[in-house]
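The values are calculated or read from the model by the stated rules, or taken from the named source; none is laboratory data. Computed from a prediction, not measured in an experiment: that's the story for all the values here. Cβ sites come from the backbone with ideal geometry, for glycine too, and all protein chains shown count toward neighbours. Side chains are part of the model used for accessible areas, which takes the heavy atoms of the whole protein and leaves out ligands, DNA and RNA. Shrake-Rupley method; radii C 1.70, N 1.55, O 1.52, S 1.80 Å.
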Amino acid sequence: MAIERICRMRGWSPGTAKHQETRELLLKVWDGLRNRADANRDGQVSHEEWCSMWDEYARDTDRALEWQHSYMNFMFDLEDTSGDGCIDEEEFTTVCSSYGISPEECSRAFRKFSGGDTVTREAFEELWKDYFASENPDAPGNCIFGKTSFD
Ligand SMILES: [Ca+2]
């Protein structure tokens, strides 16, 4: 479902190279996730398994698993729709509002984590670590998926 939704949003039709690439990458992410997180091997990742996996990541963000790194790069490339190596506010709002978050909230989120500038891959990586690892509820990285409040 994620593959189809993402490809539809970006206009990548089945059979195109981008569609194929996205499919392969997301399946790799899913395999990596399942190998690491599905502790009881039932083919599903439970809420508990998901949290325990990211908790382990949070204890040492420099030792991210390969799929976690691929996932981070994938999200960056997804949001950098122009492909110029920076995410700007318009790109971010377009992509995140397609998940059902209001464009206003997306803009607020972007301004909070970007400090008003565009976001490079290096900066995104630091924000990503914050999102999963920071104990600070006000860490800018908490907004990288477009939400600004978490209740
Ligand atoms: Ca861009």
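Subtracting the Cα-Cα distance of Arg108 and Met1 from their residue separation scaled by 0.36 nm leaves 35.7 nm.
Unpaired Cys in the chain, meaning no second Cys C-beta under 4.7 Å: Cys7, Cys51, Cys86, Cys143.
Per residue, the average separation of C-alpha pairs within less than 8 Å and at least 6 apart gives the chain a relative contact order of 19 percent. A simple spin-label model places pseudo-atoms 7 Å from Cα toward Cβ; at Asp62 and Arg41 they are separated by 3.4 nm. Ligands, DNA and RNA are left out, and with a 1.4 angstrom probe the accessible area of the chain is 59 Å² per residue.
Residues within the reach of a label modelled at Glu122 (point 7 angstrom out along Cα to beta-carbon, backbone nitrogen below 15 Å), restricted to segment 70-102, are 85-87.
Ligands, DNA and RNA left out, the 1.4 Å accessible surface of the chain is 48% carbon and sulfur atoms.
Helical content of the chain, expressed as a calculated mean residue ellipticity at 222 nm, amounts to -19000 deg cm²/dmol (DSSP H runs of 4 or more residues, -39,500 (n - 2.57) each, divided by residue number, nearest 500). The Cβ shell under 13 Å around Lys28 holds other residues with a net charge of -1, Lys and Arg each +1, Asp and Glu each -1.
Taking a straight line from the alpha carbon of Lys147, these lysines sit under 26 Å away, with near neighbours fewer than eight places off in the same chain left out: Lys112, Lys129.
Most tightly packed first, judged by the mean number of other beta-carbon atoms within 10 Å of their residues, the peptides 98-111, 45-58 read 98-111, 45-58.
As a ratio to 2.2 N^0.38 Å, the alpha-carbon radius of gyration computed for segment 70-146 takes the value 0.98. The equivalent ellipsoid that matches the C-alpha gyration tensor of the chain spans semi-axes of 24, 21, 14 angstrom, in descending order. Straight-line cross-link reach from Lys18 at under 21 Å between alpha-carbon atoms covers these lysines, not counting any fewer than eight positions away in the same chain: Lys28.
The trypsin sites (Lys or Arg not before Pro) of segment 7-76 meeting both criteria, a DSSP state outside H, G, I, E and B (loop) and at most 14 other C-beta atoms within 10 angstrom of the site's C-beta, are Arg41.
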